Amino acid sequence: MNFPADRRFLLAPSILSADFARLGEDVSAVLAAGADIVHFDVMDNHYVPNLSVGPMVCQALRRYGIKAPVDVHLMVTPVDRLIEDFVEAGASSISFHPEATVHVDRALHRIREAGCKAGLVLNPSTSLEVLEWVGHRLDFILLMSVNPGFAGQRFIPQIEKKISTLASWLTAQGLSVPIAVDGGVTVSNVGRLAAAGAEIFVAGSAIFGQPDYAAAIAAFRWALMGGQA
Ligand code: DX5
Ligand code: ZN
């Protein structure tokens, strides 16, 4: 399954801020409200100090009838075994952190071979250099703008420059790879992040944490069209 191609900017609500007791219903509601992608955060209490959900829950969402792209963000180590499990569970894209595996190139290759889009996730302190020899294997790059592990943290402002530096590097390399940003993304900063070069916006609390999902998504789209929050 591909990311929707008709939109320049894509909104990916993170399930971490959804209601886990009624996840299918809540994810359906956010998609009906206009979200593009379901961002599925997987935490193992090892790579990050928190525990969330695994492939069975991804499969349960598919069985419930969720048709939208499911973007699996692995915050786990080891990475490899879970790739196949999430492919079978219906993932559309899978990303992981380079620090979490010894064989980054192989894991990226495996994700694509299995028919999913492949992404690398860079922590706030991780240098862009890790991308140098794997650009050809990437369908997207996810820049963390908080330290991974929890929803509702404050955006780290230095990441705005990291987005523009990465965008320039990708252009210089002749690579057309979308930049996603995850952590502390709000209606107030999303316009600047788009101007810096990001195209996919993960947002947990700023969407699922709001009482009216359609209003929250409309506010994001307005900000992405240049409106000031
Ligand atoms: C953090 C997760 C994020 C998180 C974002 O480790 O990867 O996807 O849910 O939540 P907000 O948007 O609330 O920072
Ligand atoms: Zn995430």
Checklist (1) within 23 Å of residue 45 (Cα to Cα); (2) touching a Pro at 6+ places or on another chain (Cβ under 8 Å); (3) among the small types (Gly, Ala, Ser) applied to residue 92, failing item
(1)
Going by the conditions given, is residue 150 under 20 Å from residue 58 (Cβ atoms) and either touching a Phe, Trp or Tyr at 6+ places or on another chain (Cβ under 6 Å) or not small (Gly, Ala, Ser) (or both)?
no
Output the residues belonging to region 24-51 that are over 30 Å from residue 8 (Cβ atoms) and touching a helix residue (DSSP H, G or I) at 6+ places or on another chain (Cβ under 7 Å).
47
Scope region 109-125; condition touching a strand residue (DSSP E or B) at 6+ places or on another chain (Cβ under 8 Å) and within 19 Å of residue 181 (Cα to Cα); matching residues:
117, 118, 119, 120, 121, 122, 123, 124
In region 184-229, how many are touching a Phe, Trp or Tyr at 6+ places or on another chain (Cβ under 7 Å) and free of Cβ contacts under 8 Å to residues at least 12 places away in the same chain?
0
Taking helices (runs of 4 or more DSSP H) that fall entirely within region 150-229, which contain at least 2 residues that are within 15 Å of ligand 1 (Cβ to nearest atom), more than 26 Å from residue 46 (Cβ to Cβ) and in contact with a Gly (Cβ under 7 Å, 6 or more places away or on another chain)?
213-224
Of all residues in region 110-137, which are touching a residue at least 12 places away in the same chain (Cβ under 8 Å) and polar (S, T, N, Q)?
123, 126
What residue, of 187, 202, 134, is of a type outside the set (Phe, Trp, Tyr), surrounded by 13 or more Cβ atoms within 10 Å (Cβ to Cβ) and within 16 Å of ligand 2 (Cβ to nearest atom)?
202
Matching residues in region 10-39 - criterion: being assigned to a strand (DSSP E or B) and without any contact (Cβ under 8 Å) to a residue 40 or more places away in the chain:
38
With the checklist (1) touching a Lys or Arg at 6+ places or on another chain (Cβ under 9 Å); (2) surrounded by fewer than 21 Cβ atoms within 10 Å (Cβ to Cβ); (3) over 23 Å from residue 115 (Cβ atoms) in hand, flag the one item residue 32 doesn't pass.
(1)
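Read-outs throughout are calculated quantities, based only on the coordinates presented, and are distinct from any laboratory measurement. Because the structure is predicted, anything quoted here is derived from the model rather than measured. As a convention, Cβ positions derive from the backbone with ideal geometry for all residues, glycine included, and neighbour counts pool all protein chains shown.
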